[in-house]
Amino acid sequence: MRKGRRAFLLSLASAFLAACRAALTPEPTTSQPTQTATAPPTATEPAAVPEPTITPSEPAPTATREPTRVTGISSQIAYTLPLVTRIATADSAQFFFEFNQPAGGVLIVWPEENPAEQILLPFDSSTRRHRLPVTGLTPGQRYRAVVGVETEDGFTHPHYINADEQWGEIGLRTLPADGPLRFGVIGDAGFGEQTTYLLVEQMANADLDFVIHTGDVVYDIEDNASAEEAWLLKWFLPFAPVLKSMPVYPVIGNHDYDPEARWQDTYFYYNVIPPITDEQPNSQYYMLPHGDVQFIFFDSQVLFGQPGRQQQEAWLDERLADPAYRWTIPVFHVAAYTSGRRTDSDSVPVRQTWGAKFGAANVPVAFSGHDHNYERLIIGDTTYIVSGGGSNSLYDMESEMEGSQYFEKVSHTVWVTIHADRIELQAVAADGRVIDTALIPLA
């Protein structure tokens, strides 16, 4: 990012964060121990973990005939975490946001083609954090959503960064009931570079249903004044075009566990990416269902000393064995197979632990990052995609692994389309070049 732009953003962020921090009263969060270099614990008999589902935690939405409008900008209520779509399925969605202080109001959701058909979701004035579900949506339909803070004169926008700026409306498209499903993949993009802005803009214009992030969401928090500032400059601002137009599903990476990323007895990642259900303490692992396909997102750092391995393994085994889904698509940070820098040091525990499980289950494709490059490998019946080129920090090939089909040291994203009988994949460089394509049959 050019120095002038970075200085400008830092000045905005510092003013915004100073105002918010004075009123900030964090709610209790789940404690996570600091990462150590000790060997992972021996797995014991796993405990049953319930399958994540979208469970309403707020009053049921009500329809209204009279349009409710949000006008003006609140001078008191600011977003510390702006409105995003946490998850969207074919007929439901869940929204998340956080204020600098408790405030009441309403989330308004409406079909993009018919603004008069509003759904109102009031939220509690006693808390700062709000996770609001809405059901009964139409598959494949585009929707808009906006938050209104309640005042004596109506509803106003929370301000964001500056008192005269707003995050505004966001959009999403519910997943299709049938027909192709299209999503993008990016990873290791957490430096706030201009290249990341460009890659995100490409995905925002690619007619995607959602975006997957393969981890290391924010790097080098120690270079910023706080974790809040780092996430503002390296996540919310670069990723705004997709955060405002579709869900983004990340997994936690090793740098998201850096000591500087700790915040209020947890990690700031878990503050920004909340659990999907009330039953889960955090978002260490979760799933996105769609027809006979399930996407499962989980934490590879449990193999390197982070807690939760036993619980996650039990959940993972349950997901892979679930007969309701014909296909499973895993997403995790540390690549199981790679020809890049981490081919031996980090990948061995991952492929020894999960490689056989994926080979025995219906896993047509798996996505990971960690190595800052693009690679496509075929191991058995599974295609492994390494997508860690979300920035200009890139790695060379270390030693070509058997099964490697294509490798390039390049800033890129991956665009994926799932049809009933096949998965089509293309890797797109920052300059717009299609560097690799693949077709994965679904027998």
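When a/c reaches 1.5 or more, the comparison of a/b and b/c decides; with that in mind, is region 62-172 rounded, prolate or oblate per its Cα gyration tensor? Since a/c reaches 1.5 and a/b is larger than b/c, the shape of region 62-172 is classed as prolate. Once a ≥ b ≥ c are taken as the square roots of the eigenvalues of the Cα gyration tensor of region 179-441, is the result rounded (a/c under 1.5), prolate (a/b larger than b/c) or oblate (a/b not larger than b/c)? Rounded shape, in that the Cα axes give a/c under 1.5.
Tell me which label goes with the value of Rg and Dmax of the Cα atoms in Å computed from the coordinates here: [x] 23.5, 88; [y] 22.7, 74; [z] 21.1, 67. Checking each listed value against the structure points to [z]. For the chain, averaging the sequence separation of C-alpha pairs within contact (under 8 Å, six or more residues apart) and dividing by the residue count gives a relative contact order of 16 percent. Relative to the dominant Cα principal axis of the chain, helix 3-23 is inclined by about 60°. Most simply put, region 179-441 has about 65% antiparallel DSSP beta bridges, counting only bridges with both residues inside it. For region 254-340, the share of DSSP beta bridges that are antiparallel, to the nearest 5, is 60%.
Of the residues Glu313, Glu375, Glu400, the one that moves most in a GNM of the chain with alpha-carbon contacts below 10 Å is Glu400. For the chain, the antiparallel share of DSSP beta bridges with both residues in that region comes to about 80%. The Cα atoms of region 327-414 give a gyration tensor whose axes a ≥ b ≥ c have a/c of 1.5 or more with a/b greater than b/c, which makes the shape prolate. Loop-located GluC sites (Glu not before Pro) in region 137-194 (DSSP state not H, G, I, E or B) with no more than 10 neighbouring Cβ atoms inside 10 Å: Glu152. Taking every C-alpha pair closer than 8 Å and separated by at least 6 residues, the mean separation divided by the residue count of region 62-172 gives a relative contact order of 34 percent. The angle between the Cα long axis of helix 194-204 and the main principal axis of the chain comes to about 80°, on a 0 to 90 degree scale. This model, with +1 at the C-beta of Lys and Arg and -1 at the C-beta of Asp and Glu, gives region 62-172 a dipole about its Cα centre of some 340 debye.
Taken over the chain, lysine pairs spaced eight or more positions apart, or on distinct chains, with alpha carbons under 27 Å apart number 5. Per residue of the chain, the DSSP helices (runs of n ≥ 4 H) give a summed -39500 (n - 2.57) that works out to -4000 deg cm²/dmol at 222 nm. Projecting the Cα atoms of Thr417, Ser226, Val428 onto the dipole axis of region 179-441, where Lys and Arg carry +1 and Asp and Glu carry -1 at the beta carbon, places Thr417 farthest toward the positive end.
Any read-out appearing in this document is the output of simple, stated calculations on the displayed coordinates, not a laboratory observation. All of these numbers come straight from a predicted model, not from anything done at the bench. With ideal geometry, Cβ positions are generated from the backbone for all residues, glycine too; neighbour counts draw on all protein chains shown.
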